[in-house]
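Below: one structure, written as structure tokens.
Every number here is computed from the coordinates shown, using simple stated rules; none is lab data. These figures come from a predicted structure and were not determined experimentally. Heads up, the Cβs are rebuilt from the backbone with ideal geometry, glycines too, and the neighbour counts pull from every protein chain shown.
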Amino acid sequence: QSVDLNVDLVVIGGGPGGYTAAFRAADLGMSVALVEKRNVLGGVCLNAGCIPSKALLQAAKLLEEVAEWNERGLEFGKPVIKLDRLRDWKDSVVSKLAGGLSGLASKRGVKVLSGEGVFAGPNILEVAGQGSVRFNKAIIAVGSRPVRLPFLPDHPGIMDSTSALALEDLPKRLLVLGGGVIGLEMASIYASLGSEVSVAELTDGLLPGCDRDLVRPLEKRLGARLKAIMTGTRVKAVETLQEGFKVVFEGAKAPSPQIYDRILSAAGRRPNGDGLHADKAGVNVDAQGFIKVDSAQRTNVPHIFAIGDVVGNPMLAHKASYEAKIAAELASGMHVTNSAKVIPSVVYTDPEVAWVGLNETAAKRDGIAFEKATFPWMASGRSLTMGRDEGVTKILVDPVTRALLGVGIVGPHAGDLIAEATLAIETGCEPGDVGLTIHPHPSLSETFAFAAEAYEGTLTELY
Ligand code: FAD
């Protein structure tokens, strides 16, 4: 077996987990090869996930807002959507960031190899078209891919999140399968751009697992823009006809069969641990494709680490990059462990929904004692100046220690606001600490302090 490259560390996968690990390890003095099968770095997040979706959601929010301001004395007229220019702009954001990543890799001396990597032994990786890499340590960061539903035909009219974000054209009638985070973000984009969008969700509510009081304001606003939100509805069969896809639904509230021009499948993601020949390195991969790790991100093989989507839920970029630093630091000989108490989650719809730590649904399910306080944004001056009053900020508190256990927010910018709550939980704050911290007025951030004051019984309102 010829060995073309010898490195301290090989990182497999160039997404937010992989490139972060490679950069951190190189900064710590290791020689690093970063293997990525796409011809660009950035993984799903940059190329087909977080970034292109947020670029398009920005456009979607603007379109919705402009229409609302017509009623408040600012008349903009009917928006003209130039899809080619919008797509070029979104692609330019992605390319700018991808170019930045390759610059950051070469500045650090990280050797980027384009090709699919598979293990050939515990210390050797074969990279398609490139040769082999002998390594002392490895970090697996191969991410995940969309689940393929077996009853969906193999047809260009059946989209997943990647093809939906390519935004080739706008279907007239679109069915989104799955009312989770990705499904609702995509539904928001296509509905704002002018498609007639219906969402079918198997469970009896949107965003399964999220507290209902946080979902309700989103359901109300989004519902007004969608043709239908069909919860408790299973897609039973899809038939390809001349005039579109005939979809047969099943469930207590299921409608009669409907015709759609396009179907977007957003029914979850599955990990890529199955395509690595991991057994050749002795690394265990479970039946779903996940690779189990300990609190030091180590697999069952001590010199091989795994991070990001491939190690489990939540499948989020900031979880991947946090784990990446731990794995890289351990691989370089430092002593660290994964000590994060909580990981924030954000749905970038309009309104945004964000939560961190314990939520009420999980607390009730698992019998965890909590006390709660809620602040409705209709009493927030800032919220009303924005023409929005549907938001809610909610805190959950440990009745014994009085520490903050969880925070949930729905409303514009909830995704930014949740960062302060995350810091508060990480640093063991009590509601009193948050309430006594002077927040700027008028701001949405005050709603967190007001919820804390409501808990403490010290809320006096400030308009
Ligand atoms: P990935 O980003 O999946 O990267 C893995 C890389 O490994 C890929 O580039 C793949 O090509 C490569 N690879 C796989 N196998 C091999 C191999 N054998 N050899 C070489 N290379 C290989 N998360 C958020 O936190 N915020 C968001 O707003 C958000 N929005 C999203 C929107 C959408 C539409 C989607 C689909 C996802 C979104 N996510 C979001 C999730 C986020 O993209 C992932 O959690 C994140 O990309 C995981 O990072 P990762 O490094 O583990 O894997």
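Scanning the range 115-154 for residues that are in a strand (DSSP E or B) and basic (K, R), which turns out nearest to G308 (Cα to Cα)?
R145
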Residues of the range 442-459 satisfying the condition of being part of a loop (DSSP other than H, G, I, E, B) and at negative phi: P442, S443, L444, S445, T458, L459
Residue list for the range 25-41, restricted to those being surrounded by fewer than 24 Cβ atoms within 10 Å (Cβ to Cβ) and within 15 Å of the ligand (Cβ to nearest atom): K37, R38, N39, V40
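Working only within the range 1-41, note down all residues that are in a helix (DSSP H, G or I) and β-branched (V, I, T).
Initially, the range 1-41 is screened for residues in a helix (DSSP H, G or I), giving 16-27.
Passing the criteria: only T20.
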Test: residue in the range 247-257 that is more than 18 Å from E185 (Cα to Cα), touching a helix residue (DSSP H, G or I) at 6+ places or on another chain (Cβ under 7 Å), outside any strand (DSSP E or B) and in contact (Cβ under 8 Å) with a residue 12 or more places away in the chain: no
Filter result (without any contact (Cβ under 8 Å) to a residue 12 or more places away in the chain and under 27 Å from the mean Cα position of the chain (by Cα)) within the range 92-121: S92, S95, K96, G99, G100, G103
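Results for (1) touching a residue at least 12 places away in the same chain (Cβ under 8 Å); (2) touching an Asp or Glu at 6+ places or on another chain (Cβ under 6 Å), shown as yes or no for each residue.
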| residue | (1), (2) |
| --- | --- |
| H413 | yes, no |
| E420 | yes, no |
| T427 | no, no |
| G432 | yes, yes |
Subset of the range 293-319 [within 16 Å of the ligand (Cβ to nearest atom) and more than 11 Å from the chain's Cα centre (by Cα)]: V293, Q297, T299, I304, F305, A306, I307, G308, V310, V311, G312
Residue within the range 75-90 that is in contact (Cβ under 8 Å) with a residue 40 or more places away in the chain, in contact with a Lys or Arg (Cβ under 8 Å, 6 or more places away or on another chain) and among the aliphatic types (A, V, I, L, M) present: no
Residue that is nearest to the ligand (Cβ to nearest atom), among those in the range 42-80 that are surrounded by 13 or more Cβ atoms within 10 Å (Cβ to Cβ) and part of a loop (DSSP other than H, G, I, E, B): G49
